[in-house]
Every structure is written in structure tokens, then in C-alpha cells.
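Structure first, commentary second.
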Amino acid sequence: MAPKKKGKKGKAKGTPIVDGLAPEDMSKEQVEEHVSRIREELDREREERNYFQLERDKIHSFWEITRRQLEEKKAELRNRDREMEEAEERHQVEIKVYKQKVKHLLYEHQNNLTEMKAEGTVVMKLAQKEHRTQEGVLRKDMRALKVELKEQELANEVVVKNLRLISAKN
């Protein structure tokens, strides 16, 4: 910043005027007082300049820190995104594996069910065949028993007739 020129006005042909007087019209004390004021103003300006430089440096430092933090957060976010994508991929693979396991178990279950139905059908047919065989044997035995019973009845009738004839003769 350029120092402010306090109270200076230009005279014709560039002769400066200080506190309403030309420098050659001023006393030594006035010039010294003027120089003292200008030095004070210069000191204030330097202090202000130093303050603003410090503020600029603080702002620049803060900006750098913030920029670095932003970059770190962006990197962290990219890492998290990558981790999430990897986790999603792993999850999809697990789902695929579980689906394959379920499909395999359903297939095995269906095979076992089919085998058991086939075994059940075979066992049932064998049991039916065995039952028919036993039924046939029992029917044959019943016929034989009926025939035997008839024969015994006929034999008994003959015996009874013979006994009647013998008792009638007596």
C-alpha cells in the first residue's frame, strides 16, 4: 500500500505544500514535526502491512491444511467406496454359492424323493404280489378243506346210514 499523503497539495509546477505551507516557508521544528508524523505513519503502514502479511500467511496455511484434509477425505471416501464394492462383489458371490447349494440340495431332494417313490412302488408291488400269492394259497387251502369237509360229511353220512341199517336190522 502506498502511504497516504496527508495534507499535501500540489502547487503550480509540482511544488509540494505541507500543512498549508511550502517546505521552504516552514521552520525547522515544523519540518521535524512533519517528518516525525510521516515516520509514525510509515511505522503504522509497516505494522499494518506486517499484520496483513501474517493474516495472508495464516489464511494460506489454513487453506493448505483444509486442501490436504479434503484430499485425505476424498482418498478415504474412494477407499470406502472400493471396500463397499468389494464387499458387494463378495456378497454377490456368496449369494451365487448359496443359490447353487440350494439348487443342488433341491436336486438331491428330488432324486431322493423319486428313488423313494420308485422303491415304495416296488415294495408295494412285491407286497401285493406276496399278498395275492398268500391269498391264492389260502383259497386253495380253503377249497381243499371244503372238499375234505364234504368228504368227511359224506363219509359220516355213510357211517350214519350204515349204523341205521345195522340198528334197523337189530
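The values are calculated or read from the model by the stated rules, or taken from the named source; none is laboratory data. Since we're looking at a predicted model, the values are computed, not measured. Cβ placement follows ideal geometry from the backbone for every residue including glycine, while neighbour counts extend to all protein chains displayed. Ligands, DNA and RNA are stripped out before the accessible areas are found, and what is left, the full protein with its side chains, is counted by its heavy atoms. Shrake-Rupley method; radii C 1.70, N 1.55, O 1.52, S 1.80 Å.
Between residue 112 and residue 168, what is the label-to-label distance in nm when each label sits 7 Å out along the Cα-to-Cβ direction?
Result for the modelled spin labels: 8.1 nm.
Determine the per residue accessible area of segment 23-91 with all protein chains present and a 1.4 angstrom probe, expressed in square angstrom.
Per-residue accessible area for segment 23-91 comes out at 93 Å².
Please report, as a whole percent, how much of the solvent-accessible surface of the chain comes from carbon and sulfur atoms (probe radius 1.4 Å).
With neighbouring chains kept in place, the figure for the chain is 58 percent.
With angles folded into 0 to 90 degrees, how steeply does helix 28-169 sit against the dominant principal axis of the chain? Use alpha carbons for both and round to 10.
Taking Cα atoms only, the helix is inclined about 0 degrees.
Considering amide H positions built from the backbone, and no H for Pro or chain starts, which residues 5 or more places from residue 17, or on another chain, come under 5 Å of its amide H?
For residue 17, the qualifying residues are 9, 11.
Grab the DSSP H runs of the chain that are 4 residues or longer, score each as -39,500 (n - 2.57), total them, divide by all residues and round the 222 nm result to the nearest 500 deg cm²/dmol.
Helix contribution divided over all residues of the chain: -32500 deg cm²/dmol.
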